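This is the structure, below, for whatever I ask next.
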Amino acid sequence: MRRIRCETSGAIQILTIDNETKRNAFSGSMAKELVGHLDQADQTPGVRCIIITGVGDKAFSSGHDLSEILDQGEASLSPENNRVFTRTASMVKPTIAAVNGAAYAGGLILALSCDLRVASKNASFCVSGARVGLLPIGGQLSRLPRLMPYARALEMVMTAEPMSAEDAYAIGFINRLVSQGNVLPASLELAERIAANSPLVVQEAKKGVEISLQLGLAAGEAFEWDCGPSLTTTPDAGEGVRAFLEKRAPKFKDR
């Protein structure tokens, strides 16, 4: 049965793309289902980080089911039909792509739209649009060159050839490179480190980095000076400073 599996581990929500026979492609209502889970997680106070992964060890996701794209025509490239792959970039909560295999087309968009990426050594990344006669969208022409050297991103776009996990790690596109089968444990460990920090600061920091990425250095600096002083009077700041002075781990509350 094609679906999105949802599990919770403490303050971490794990969303698993389950369509292994089609390389975890999005078929039927799967896209709508994943967006629904992401929207709900973003609004749930107890969730501090979201991990997205795929079933098995062959593919993270191959994106849209191509047979459905042929039926949809131009509508298949509309922002609404591709919102599932870009939603994580606009979320308040931090997200991690646990890339357990091939991340192609929409699967690549989903991975690059997440804040952090953990990949197994058998993973690969591909901008496959030119090979199938479709323009790469959803950040493959805009966001990708900001997450890796421009020339490497352009090479991926024009050749439509996969990039190995080792090469992606070497150029900084992925944050952790782990052995096959260990991508989810490694992602959980990273997520738990994030969840132990101030949820408010993590969320505002994510927002500030996104502003810098989209609008440039000056906009990012303005956000720092506009937002930073106001956070010094929050309960998180009080708890964080007290914990530091008392030499203990801080205990931040969800709000």
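Nothing in this text is a laboratory measurement; each read-out follows from the coordinates by a stated rule. Not measured: the values here are computed from a predicted model. As a convention, Cβ positions derive from the backbone with ideal geometry for all residues, glycine included, and neighbour counts pool all protein chains shown.
Kindly provide the pair-distance distribution of region 82-189 built from C-alpha pairs, with 10 Å bins from 0 and whole-percent values in order of increasing distance.
The distribution over region 82-189 is 16, 51, 30, 3, given as percents.
If every alpha-carbon in region 199-245 counts as one equal scatterer, what log10 I(q)/I(0) does Debye give at q = 0.28, 0.31, 0.32 1/Å?
These q points yield log10 I(q)/I(0) values of -0.97, -1.07, -1.10.
With 10 angstrom as the radius, rank Lys207, Lys247 by how many other C-beta atoms surround their C-beta, starting from the fewest.
Values: Lys207 14, Lys247 6.
In order of increasing Cβ crowding within 10 Å: Lys247, Lys207.
Using a Gaussian network for the chain with springs between C-alpha atoms less than 10 Å apart, which of these wobbles most: Gly54, Gly36, Gly139?
Gly36
Across the chain, how many lysine pairs, 8 or more positions apart or on different chains, have C-alpha atoms separated by under 25 Å? Please give the number.
Eligible lysine pairs with Cα atoms under 25 Å apart amount to 16.
For the chain, what log10 I(q)/I(0) values come out of the Debye formula at q = 0.08, 0.13 1/Å, with one point per alpha carbon and no solvent?
-0.32, -0.83
Counting only DSSP beta bridges with both residues in the chain, what percent are antiparallel, rounded to the nearest 5?
30
Let me ask something else. Given that compact globular proteins tend to follow 2.2 N^0.38 Å, what is the ratio of the alpha-carbon Rg of region 1-41 to that value? Can you show the working numbers first?
Numbers: Rg = 10.6 Å, N = 41, 2.2 N^0.38 = 9.0 Å.
Against the empirical 2.2 N^0.38 Å value, I get 1.17 for region 1-41.
So, one more: Let me spell out the model: positive unit charges on the Cβ of Lys and Arg, negative unit charges on the Cβ of Asp and Glu, origin at the Cα centre of the chain. What dipole size does that give, in debye rounded to 20? Let's see the in-between values first.
Values: 27 positive and 28 negative charges, 96 e Å.
I would put it at about 460 debye.
Is the C-alpha gyration tensor of region 108-255 telling us rounded, prolate or oblate? Criteria: a/c under 1.5 is rounded; beyond that, a/b larger than b/c is prolate, otherwise oblate. All intermediate terms of the calculation are to be shown ahead of the outcome.
Values: a/c = 3.24, a/b = 1.68, b/c = 1.93.
Oblate is the answer for region 108-255, as a/c is 1.5 or above yet b/c matches or exceeds a/b.
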